[in-house]
Amino acid sequence: MNRYFDLERRRFIAGSLGSAALILATPLISSALTRAEEGLPKPSEMDLFLALYTDGSVHITCHRSEMGQQIRTAVAQIVADELEADWQRVEVLQGLGDERFGDQNTDGSRSIRKNLERLRIVGATMRHMLEAAAAEQWGVPVTQCNAVQHEVTGPGGQRAGYAELAESIRHVTPPPANKVTLKARDQWRYIGKAMAPVDNAQIVTGEATYAADIRLPDTLIAVIARPPVVLSKPLSWDVESARAVAGVADVIRMPDLKGNPVLFQPLGGIAVLASNTWAAIRGRDQLNPTWSDAPNDHYNSAEFNELMDKINDQPGDVRRNVGDVDAGLLTAAKTLTARYHMPLLAHAPMEPPAATARLVDDGVEVWSCSQNPQEDQNTIANLLGLKREQVKVHVTLLGGAFGRKSKPDFAAEAAWLAQKTGRTVRVQWTREDDVRHDFYHTVSAQRLDGGLDPEGRLTTLRHRSTFPTIASTFTAGATVPQGEVSMGLVNEPLQIPNIRAETGRVESHVRTGWLRAVANLYHCFAFQSFLAELAEAAATDQREFVLQCIGEDRLINFPSEGTRYDNHGESLEAYPYDTGRLKYVLKLATANARWGRKLPQGGGLGLAVHRSFLTYVATVVEVHVDSAGALTIPGVWMAVDAGTVINTDTVINQMQGGAIFGLSYALRSNITAANGAIQQSNFHDYEVARMADIPRVIHVDIVDSEARPAGIGEPGTPPLAPALCNAIANACGVRIRTLPIADQLRTTLADNAV
């Protein structure tokens, strides 16, 4: 059902979608081949997203990037459902980077949230046009015509297939968006159902096109020796030894990183270009470059963690303040303080970054595994001195991304080298390149102080969080966190008298970016772990303690407290923070896990519940820890309320994948720096979860909801780490406050035994 295509401009008809322009009649493709050469029929009326051909085939364009989250399937389900298309006659195409699509940045779990209504209108518009064409052909009122499964029926038993009507709808004026009737929920045929991904067959047979699969004539392969420390520059390198490697064609110094802010610019360095990847890598090995000093040479992970702890011992910038926290801690019957740490994390997608670029008459053409092709256009245009419209970006499948591939430095490298050499160039990052030169998920340190009353109820919480902010990527020297504070810090769902959230200020010394679930990872880890510690101090079951802290079913209005809260870019009216929904997923997950059941020696259950990207997720983890500290995970139970969902199988897959992603950084993943340089390089020292680590069962329960659609790709990850650590504490009494867990269990239990 799916093939890789480019877009080609044709005539268009302008309609409207609310206040935005909906551009109709822009068909799909042809890159190396034309439609005539492919033997395909010519298209009839179409828009940016939808084309109907005279053979009855329907082509739906996905304007978001596919990285395993099955957005191409979801987009097709939405449009095809409202179109009443036969699923077997639907083909999904990939859109170019094009501002007419609107936002194409595939991150923040926004693809469905921002496009569901829009895509439904696209499909329903063509359905209305088909019904109008049939009505005119039969001379009957359009109200008596009904489109069902690729044909329109009339009042006298007339039938016309979509293929028959494809030509005639050219003459039908699209109805205004506000006149389009959408299906009722009980009429949905594909939306809300489990459907197989449209890319499956191509992926499992090796036919799918990833960035490294692009093969154009006369292409040079480039690998780059990049500075080990951000803002360092090359001083010397051995050109002759690199050129002596068979297959090496050229050695070129890349433009130096133009200072702060780093933005999405290439890092600079020395490029080795060759006829094949292996020759380019071997040539790079012979460069033996030396590098200049850099402002970040002094950065060392251990010292930086100590600095963040010291900052957290002092008052920070107040981001939320309810009641009187200082008085609450002074008068509490019992107080508890704990510190939590999370290291730098690399994205480490299975497919390292790659991009191919070639010069064309009016600019440059790029093939990239991009999450944000319009940002590719911007960055490349700025680097090459072109206009944005002179940069054409094709989006391939992404072999994983997690936020890394929304930063187009690698595509810019390919485009610059193509302009410099006049040749087609594919820049290929190795695994080592990817681990050492990432836009890292930031390191963090947190201190939490809590106060309990004589009955063991939480009355006071102070949460201090210090981390280099992502804002430093865009503003030189930025130290004050921005959107990160709305990800599990200022929006802790507590119904208690005294709450304060504070942030410290600290500089970033590496390229910092967003990674799956962003700041929710470390804030949820600390907060949900601390609630479990407070429950233990109060001698109360963790589930009951968490429910007590959340309090009554209500909609929390954080701004009414004077708190700045961005709610993932949505209004609280459209997407309220509903503690009833939060509590429900917690009750559902704990019921499925049979919370409170008796476990064998060394067994433990732990839980965590969190709202991120407007979705409510609760996770229960069961662990077993033997006397030597060996950890196994018999099961994970998750409950998710994401409002309206498009594909139930996708939701289950994303929750399971999110849990495994969370398991990776909780158990093993750790990036450290020494003298400004990253010390890890590949999966042998930047470990991810192994098969033996994976839970035997990951059960996912989806709450049936008619609420607005929320996020799916990221919300399953944050609760896993705290639920896991809470389970470990219940199993063997070892409290993990610093990730990754790695060998902490074995070491701690061995020390206790001595």
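Residue pairs whose Cβ atoms lie under 6 Å apart, separated by 6 or more positions or on different chains, with the first residue in region 566-580 and surrounded by 14 or more Cβ atoms within 10 Å (Cβ to Cβ) and the second outside any helix (DSSP H, G or I) and hydrophobic (A, V, I, L, M, F, W, C), are HIS568/PHE613; HIS568/LEU614; TYR575/LEU614; PRO576/LEU555; TYR577/ILE556; ASP578/LEU555. If the condition is being open to solvent by 60 Å² or more (accessible area, probe 1.4 Å) and modelled with pLDDT of 95 or more, then region 728-754 contributes ASN730, GLY733, ARG737. Could you grab me the full set of residues in region 637-672 that are part of a helix (DSSP H, G or I), in contact with a strand residue (DSSP E or B) (Cβ under 9 Å, 6 or more places away or on another chain) and open to solvent by less than 10 Å² (accessible area, probe 1.4 Å)? Selection gives VAL651, MET655, GLY658, ALA659, GLY662, LEU663, TYR665. Taking region 71-178 as the region of interest, the helices (runs of 4 or more DSSP H) fully inside it that hold 2 or more residues being free of Cβ contacts under 8 Å to residues at least 24 places away in the same chain and more than 17 Å from LEU50 (Cα to Cα) are 111-138.
For beta carbons closer than 6 Å, sequence separation of 6+ or different chains, a first residue in region 719-742 that is in a loop (DSSP other than H, G, I, E, B) and a second that is among the aromatic types (Phe, Trp, Tyr), the qualifying pairs are ARG737/TYR340.
In the set (1) open to solvent by 40 Å² or more (accessible area, probe 1.4 Å); (2) of a type outside the set (Asp, Glu); (3) under 17 Å from ILE224 (Cα atoms); (4) part of a helix (DSSP H, G or I), the condition left unmet by LEU235 is number (4). Kindly establish whether ALA517 is open to solvent by less than 50 Å² (accessible area, probe 1.4 Å), on the phi > 0 side of the Ramachandran plot and either among the hydrophobic types (A, V, I, L, M, F, W, C) or not in a strand (DSSP E or B) (or both). In short, yes.
Looking only at residues of region 56-77 that are surrounded by fewer than 24 Cβ atoms within 10 Å (Cβ to Cβ) and more than 20 Å from the chain's Cα centre (by Cα), we find that the one that is nearest to TRP367 (Cα to Cα) is HIS59.
Taken over region 292-336, the residue count meeting the criterion of being under 30 Å from THR430 (Cβ atoms), in a helix (DSSP H, G or I) and open to solvent by less than 30 Å² (accessible area, probe 1.4 Å) is 2.
Of a type outside the set (A, V, I, L, M), within 33 Å of the chain's Cα centre (by Cα) and part of a loop (DSSP other than H, G, I, E, B) - does that describe any residue in region 278-291? No, region 278-291 has no match at all. Would you be able to say whether some residue in region 338-350 is under 30 Å from VAL518 (Cα atoms) and either among the acidic types (Asp, Glu) or touching a Cys at 6+ places or on another chain (Cβ under 7 Å) (or both)? No, there is no match, as no residue in region 338-350 is under 30 Å from VAL518 (Cα atoms) and either among the acidic types (Asp, Glu) or touching a Cys at 6+ places or on another chain (Cβ under 7 Å) (or both). Within region 534-555, the set of residues being open to solvent by less than 20 Å² (accessible area, probe 1.4 Å) and not in a loop (DSSP other than H, G, I, E, B) comprises LEU534, ALA535, GLN542, PHE545, VAL546, CYS549, ILE550. Restricting ALA445, ALA418 to those that are in contact (Cβ under 8 Å) with a residue 24 or more places away in the chain and under 30 Å from ILE671 (Cα atoms) reduces the list to ALA445. Within region 201-257, being among the acidic types (Asp, Glu) and touching a residue at least 12 places away in the same chain (Cβ under 8 Å) holds for ASP213, ASP218, ASP238, ASP250, ASP256. The number of residues in region 645-691 being within 30 Å of ALA194 (Cβ to Cβ) and free of Cβ contacts under 8 Å to residues at least 24 places away in the same chain comes to 2.
The number of residues in region 191-223 being crowded, with 18+ Cβ neighbours inside 10 Å and touching a Gly at 6+ places or on another chain (Cβ under 7 Å) comes to 0. If we scan region 595-602, do we find a residue that is crowded, with 24+ Cβ neighbours inside 10 Å and either assigned to a strand (DSSP E or B) or among the aromatic types (Phe, Trp, Tyr) (or both)? Scanning region 595-602 turns up no residue that is crowded, with 24+ Cβ neighbours inside 10 Å and either assigned to a strand (DSSP E or B) or among the aromatic types (Phe, Trp, Tyr) (or both).
Please tell me if VAL245 is assigned to a loop (DSSP other than H, G, I, E, B), in contact with a Lys or Arg (Cβ under 6 Å, 6 or more places away or on another chain), farther than 24 Å from THR469 by Cβ and among the hydrophobic types (A, V, I, L, M, F, W, C). Criteria met by VAL245. Listed by first and then second residue, the pairs linking a residue in region 623-639 that is over 25 Å from ASN592 (Cα atoms) to a residue that is surrounded by 14 or more Cβ atoms within 10 Å (Cβ to Cβ) and of a type in the set (D, E, K, R), with Cβ atoms under 7 Å apart and 6 or more places separating them unless they lie on different chains, are ALA628/ARG746; GLY629/ARG746.
For THR475, the requirement of being open to solvent by 10 Å² or more (accessible area, probe 1.4 Å) and modelled with pLDDT of 95 or more is met.
Look at (1) open to solvent by 30 Å² or more (accessible area, probe 1.4 Å); (2) more than 19 Å from ASP218 (Cβ to Cβ); (3) among the hydroxyl-bearing types (Ser, Thr, Tyr) and you find that THR421 fails only one, number (2).
The values are calculated or read from the model by the stated rules, or taken from the named source; none is laboratory data. Small disclaimer: the values here were computed from a predicted structure and weren't measured. Because the Cβ atoms are built from the backbone with ideal geometry, glycine has one as well, and the counts that use them run over all protein chains shown. Protein only, heavy atoms only, side chains kept; ligands, DNA and RNA dropped before computing areas. Shrake-Rupley method; radii C 1.70, N 1.55, O 1.52, S 1.80 Å.
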